[in-house]
Amino acid sequence: MHLIPTQDEVVAVLRETGALRDGHFLYPSGLHSNEYLQVPLAMRYYQYQRMLSVGLSRLLRANSEIRALIPELSIVAPANAGLPVAYGVCEALRAKQVYWAENDREGDSLRFRQYLEQHPGEQVVLVDDILRTGKKLSELKKLLETNGAFVIGLAVIIYQPTPDTHDFGSLPFFHLAQLDASYYADSAHCELCTEGIPLEKVWV
Ligand SMILES: [Zn+2]
């Protein structure tokens, strides 16, 4: 295994652990897709959690601006699926702290635990298992910046762009692998629907 796993090595881990599935899936956004990915299924296994998060930390460390700030860096996740990545990255980098945002119910605004406050000028790297639409990551970025923090990077295990993926502009972006699934706006535009392949509803 390389120090930074290759795209093929990452995909092999995802397939072996059942984290990456082929089929015909309906996302909550209404999009249809031929591919579904649940990185937490791969993160069940400690050796893969380590391999993936250490690999990602090496990409971050290679950035000189981020490397210079490591001792003071906060690693922040938008939801619990990002936690194994966040702790793995923090441990490998020896960054300062890890925390995460939550919402009580899907659709509620993200918030931090009571008494968890950003200190003025805090430097933050956002991490998550996957960047798909980036909706939560962009909400988290806004929340942190409103509270006076500086977001200096975004790091995910998998980048799976969709037609709706949020544009993070010039924010340095790091990912171990990119998966380009086919997305269809609705059943009328979906090739898999046309072929009559059974549709499976997914909730994240
Ligand atoms: Zn379809």
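The values are calculated or read from the model by the stated rules, or taken from the named source; none is laboratory data. This one's a predicted model, so the numbers in the text were calculated from it and none came from an experiment. Cβ sites come from the backbone with ideal geometry, for glycine too, and all protein chains shown count toward neighbours. With ligands, DNA and RNA removed, areas are computed over all heavy atoms of the protein, side chains included. Shrake-Rupley method; radii C 1.70, N 1.55, O 1.52, S 1.80 Å.
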Among ARG15, ARG113, ARG58, residue whose mean-square fluctuation peaks in a GNM of the chain (springs only between Cα atoms under 10 Å): ARG113
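Local charge sum around THR165 (other residues, Cβ-Cβ under 10 Å, Lys/Arg +1, Asp/Glu -1)? Write down the numbers at each step before the final one.
Details: positive: ARG132, LYS135; negative: ASP164, ASP167.
Net local charge, THR165 excluded: 0.
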Under the Karplus curve 6.51 cos²θ - 1.76 cosθ + 1.60, θ = phi - 60°, whole-Hz ³J(HN,Hα) for the range 131-146, x wherever Gly or Pro sits: 10, 10, 7, x, 4, 5, 4, 6, 5, 5, 4, 4, 4, 5, 5, 4
Set of aspartates and glutamates near LYS135 by C-alpha distance (under 17 Å), chain-local residues within fewer than 8 positions excluded: GLU102, ASP104, GLU106, ASP108, GLU145, ASP164, ASP167
Antiparallel content of DSSP bridges confined to the range 1-113, in %, to 5: 60 percent
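What shape does the range 139-203 have by the C-alpha gyration tensor, where a ≥ b ≥ c are the square roots of the eigenvalues, rounded means a/c under 1.5, and otherwise prolate means a/b greater than b/c and oblate the rest?
prolate
Share of antiparallel DSSP beta bridges in the range 98-204, in percent to the nearest 5? Don't skip to the end; give the middle numbers.
Numbers: 1 of 14 bridges.
DSSP beta bridges in the range 98-204 are roughly 5 percent antiparallel.
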MRE, 222 nm, helices only [DSSP H, n ≥ 4, -39500 (n - 2.57), over the chain, to nearest 500]: -9000 deg cm²/dmol
The range 35-77 versus the range 119-194: alpha-carbon centroid distance in Å: 15 Å
Cysteines in the chain that, by Cβ-Cβ distance, have no pairing candidate under 4.7 Å: CYS90
Measure of compaction for the range 96-204 (Cα Rg per 2.2 N^0.38 Å): 1.30
For the chain, accessible area per residue (1.4 Å probe, heavy atoms of protein chains only), Å²: 52 Å²
Chymotrypsin sites (Phe, Trp or Tyr not before Pro) restricted to the range 58-128 and DSSP loop, no more than 15 other C-beta within 10 Å: TYR115
Cut-off of 10 Å, at most 15 other beta carbons, DSSP loop: longest stretch of the chain lacking such GluC sites (Glu not before Pro): 1-105
Relative contact order [Cα under 8 Å, 6+ residues apart], the chain, whole percent: 24 percent
Efficiency of FRET from Cβ geometry, THR165 and GLN47, R₀ 41 Å, rounded to 0.05: 0.85
For the chain, share of DSSP beta bridges that run antiparallel, in % to the nearest 5: 25 percent
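Count the net charge of all other residues whose Cβ sits under 11 Å from the Cβ of ASN103, scoring Lys and Arg as +1 and Asp and Glu as -1. Could the numbers behind the result be given before it?
Values: positive: ARG105, ARG111, LYS136; negative: GLU102, ASP104, GLU106, ASP108, GLU139.
Here the count lands on -2.
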0 to 90° range, to nearest 10: angle between helix 46-61 axis and the chain longest Cα axis: 60 degrees
Estimated distance in nm for a label pair at GLU191 and ARG111, the labels positioned 7 Å out from Cα along Cα-to-Cβ: 4.6 nm
Most mobile of PRO78, PRO40, PRO172 in a GNM of the chain (Cα contacts under 10 Å): PRO172
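For the chain, what ratio Rg/Rh do Cα atoms give with a Kirkwood hydrodynamic radius? Intermediate values should be presented prior to the final figure.
Working: Rg = 17.3 Å, Rh = 17.7 Å.
Rounded to two decimals, Rg/Rh equals 0.98.
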